[in-house]
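Q: I'd like to ask some things about the structure below.
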Amino acid sequence: MNRETPRASGSQGAGAEKSPSGFYDAAFLHFRSGRVEAAEQHCRQALLRDPKHADSLHLLGLIRASANRLSEAIDLIAEAIRVDPTVPDYFSNLGTLLQRLDRLEEALKSYDLALKLKPDLVDVWIRLGDLLRRQQRNYEALLTYDHVVAIDACNTEAINKGGLLLLELEQFEKALAKFDLLLTLQPGRAEVLDHRAICFSRLGRWEEAAASYRRSLEIAPDRAETHNSLGGVLVELHEYDAARQHFLNAIAIKPDFIAALNNLGIVLVDLKRFDEALSVYNQALSISAGVAEVLSNKAGALRGLGRLDEALACYDRAIALKPDYAQAHVNRGTCLDDMMRADEALLCYHRAIALHPGDAEAHWNLAINRLRAGDFRTGWLEGEWRWKCPALGLRERMFERPLWLGNDPIDGKTLLLHSDQGLGDALQFCRYVPSAAARGAQVILEVQPALRELLSSLTGVSRIVAAGEGLPDFDLHCSLASLPLAFGTELDSIPSDFPYLSADDTGRRWAGRLGSTGKPRIGLVWSGNPKHGNDQNRSLPLVSLLPLFDLEAHFVSLQKEVRPDDHIMLRERGDILNLGGELESLADTAALIAHLDLVISVDTSVAHLAGALGRPVWILLPHVPDWR
């Protein structure tokens, strides 16, 4: 219990109503019924008859406390204790009042004295735990709450407070156990389900977090905060449409809910619905114009619309409001990179890192900025932050054998090189395998299954393994994308022995399919993975290439995944040989490219493949190109 309580005297017998105890009993009943003035009058009558009547002094102290006259209350209860130091309630209530005045050490002593008189006072133990929390003595507080549960296994207040403190201390598994216990005792508590969901979220157990929030909403469907939190979890699960609906639910319940409006804007940007996102951010800013996070995210929507000058102005406003907002500095740098103002962008990344040295996104953006500028020394080093950058979703491999980054000799060693990013990256960086073998290493190459056949003939490979298969023994390991760092690559030392891959079309399958027209054979790839973060700038519709078809050439589609509108055009055009659907592997694609005179491609793995095969390739680049 978190309020001060009087105690009944239990007086009885003839004439008791006119004795100090009789007046006290009447005062006690009045106080319990909320009739404070009558209670005070009866206390005064009791004290007129016996100025040392401890219960009346104590109750009068509580009456003073109810009027927030805490110093007077403390003096009265202290006087009651001097009269009778054997009553634990006196010490307990004195401790509570001292705690309200932040006289914490005195309160602690008072609680100790109460518990010496009566060790099983669970209310006092809980108050003691609360006091220890205020003193940042968190582990002692946890022990105190646990002691309450040892006394009373069903004390939900102590279980809940212990769970909340464990959550605050980021001991999520232990907190989860507390909340699960609490739900067995009180199954219908929506806020406990919410706290349980927070634990799951912090542990990355998104499905379980979503389930817990959904249970909470079944009990209390009008909790705006729960809808907002569930929306955030659904974003992590990439269920953007469902997340959007829960953000809308939160806003319908609480129209001025800035956090939900901000989150709705974020998910609309993820859905590439930039105009809608901009409208939502403007709505949030009409409620509160000074929220730096909303301004920064609004700038992101403006970037999506290509309105870069307005986006930059928004970032500037966000930073003016919150100069230490590291994420806004990172985003501003990205915007400046989009504007090809690399030196200014660089300053933004350095500022973000100064504010938050562990900001992986700032380091990664710095790496891309430097690689694009040709500053490879900085770029490779900063690129190692990719493992910690959530947006990239990479998983750093943990091996018992040490990582090799070029410092140790590898002559006579078995070196595992493993692919860590996409197919195009593996095709680009596998060019280092011959260099590793030339240093005396026996190279084991682990790549995506789609690359195994194609890369099996790569010079320097002792053994090739498809990802997911068991690995043989090795001495050292390195990811493919870290090889430029390991070899200290500069612009003038990029391995450039072409071709470094070869194609096998011994059955002459593609020669037969292509036929002989006497015209140059040109392969086309016009779109990449639609889920790529920069797809809107990287891919283009087939209709954009129509002017090419007026040339005297034989055009061949290498496009494996064809979007619906492009399917229609491919069916209608007789001047494009559509072989994309017949390509069963990258080895197939390589064999087909070997028969072509030129490949024209957007920035996809096919462009890397054509280059690795030594075939002429033209790459269609966006205004802000990839650093490669």
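The values are calculated or read from the model by the stated rules, or taken from the named source; none is laboratory data. Please read all numbers here as calculations on a predicted model, not as lab measurements. Cβ sites come from the backbone with ideal geometry, for glycine too, and all protein chains shown count toward neighbours.
Q: Within segment 405-419, can you find the residues that are surrounded by 18 or more Cβ atoms within 10 Å (Cβ to Cβ) and polar (S, T, N, Q)?
A: Matches in segment 405-419: THR414, SER419.
Q: Which number in (1) at pLDDT 95 or above; (2) surrounded by fewer than 17 Cβ atoms within 10 Å (Cβ to Cβ) marks the one condition that GLU400 misses?
A: Tallying (1) at pLDDT 95 or above; (2) surrounded by fewer than 17 Cβ atoms within 10 Å (Cβ to Cβ), GLU400 fails exactly one: (1).
Q: Which numbered condition trips up ALA299, out of (1) among the small types (Gly, Ala, Ser); (2) assigned by TED's automatic domain parsing to the domain that holds LEU355; (3) more than 23 Å from GLY333 (Cβ to Cβ)?
A: (3)
Q: Can you list the helices (runs of 4 or more DSSP H) found entirely within segment 51-166 that contain at least 1 residues being under 27 Å from LEU185 (Cβ atoms) and either of a type outside the set (Val, Ile, Thr) or in contact with a strand residue (DSSP E or B) (Cβ under 9 Å, 6 or more places away or on another chain) (or both)?
A: Fully inside segment 51-166 and qualifying: 88-100, 104-117, 122-134, 138-151.
Q: Kindly provide the set of residues from segment 94-142 that are among the aromatic types (Phe, Trp, Tyr) and in contact (Cβ under 8 Å) with a residue 12 or more places away in the chain, ordered by number.
A: TYR111, TRP125
Q: Also, quick follow-up: Between residues in segment 607-628 that are on the phi > 0 side of the Ramachandran plot and residues that are among the aromatic types (Phe, Trp, Tyr) and not in a strand (DSSP E or B), which pairs lie under 6 Å by C-beta distance while being six or more apart or on different chains?
A: Cβ pairs passing all conditions: GLY614/PHE498.
Q: Looking at ALA450, ALA391, which one is small (Gly, Ala, Ser) and exposed (fewer than 15 other Cβ atoms within 10 Å of the Cβ)?
A: ALA391
Q: Which of the residues spanning segment 349-393 are in contact with a Leu (Cβ under 9 Å, 6 or more places away or on another chain), under 11 Å from TRP627 (Cβ atoms) and either not hydrophobic (A, V, I, L, M, F, W, C) or not assigned by TED's automatic domain parsing to the domain that holds GLY333 (or both)?
A: Once the filter is applied, which keeps residues that are in contact with a Leu (Cβ under 9 Å, 6 or more places away or on another chain), under 11 Å from TRP627 (Cβ atoms) and either not hydrophobic (A, V, I, L, M, F, W, C) or not assigned by TED's automatic domain parsing to the domain that holds GLY333 (or both), segment 349-393 yields ASN369, ARG370, GLY374, GLY379, GLY383.
Q: Counting just the residues of segment 499-528 that are touching a helix residue (DSSP H, G or I) at 6+ places or on another chain (Cβ under 7 Å), assigned to a loop (DSSP other than H, G, I, E, B) and not acidic (Asp, Glu), which one comes out nearest to GLY304 (Cα to Cα)?
A: The selected residue is GLY528.
Q: Then there's this: Anything in segment 435-457 that is in contact (Cβ under 8 Å) with a residue 40 or more places away in the chain and under 39 Å from the mean Cα position of the chain (by Cα)? List them, or say none.
A: Within segment 435-457, SER435, ALA436, ALA450, LEU451, GLU453, LEU454, LEU455 meet the criteria.
Every residue, every condition in (1) surrounded by fewer than 17 Cβ atoms within 10 Å (Cβ to Cβ); (2) at pLDDT 95 or above; (3) aromatic (Phe, Trp, Tyr); (4) in contact with a Phe, Trp or Tyr (Cβ under 8 Å, 6 or more places away or on another chain), yes or no:
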position	(1), (2), (3), (4)
GLU4	no, no, no, no
VAL36	yes, no, no, no
LEU59	no, yes, no, yes
ASP102	yes, no, no, no
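Q: Further, regarding this structure: I'd like to check something: does segment 430-440 contain any residue that is surrounded by 13 or more Cβ atoms within 10 Å (Cβ to Cβ), part of a strand (DSSP E or B), modelled with pLDDT of 95 or more and of a type outside the set (A, V, I, L, M)?
A: no
Q: Between residues in segment 394-405 that are in a loop (DSSP other than H, G, I, E, B) and residues that are among the acidic types (Asp, Glu), which pairs lie under 7 Å by C-beta distance while being six or more apart or on different chains?
A: LEU394/ASP420; ARG401/ASP475
Q: Oh, and also: Checking ALA587 against (1) buried (at least 19 other Cβ atoms within 10 Å of the Cβ); (2) more than 24 Å from PHE498 (Cβ to Cβ); (3) touching an Asp or Glu at 6+ places or on another chain (Cβ under 7 Å), only one condition comes out false. Which one?
A: (2)
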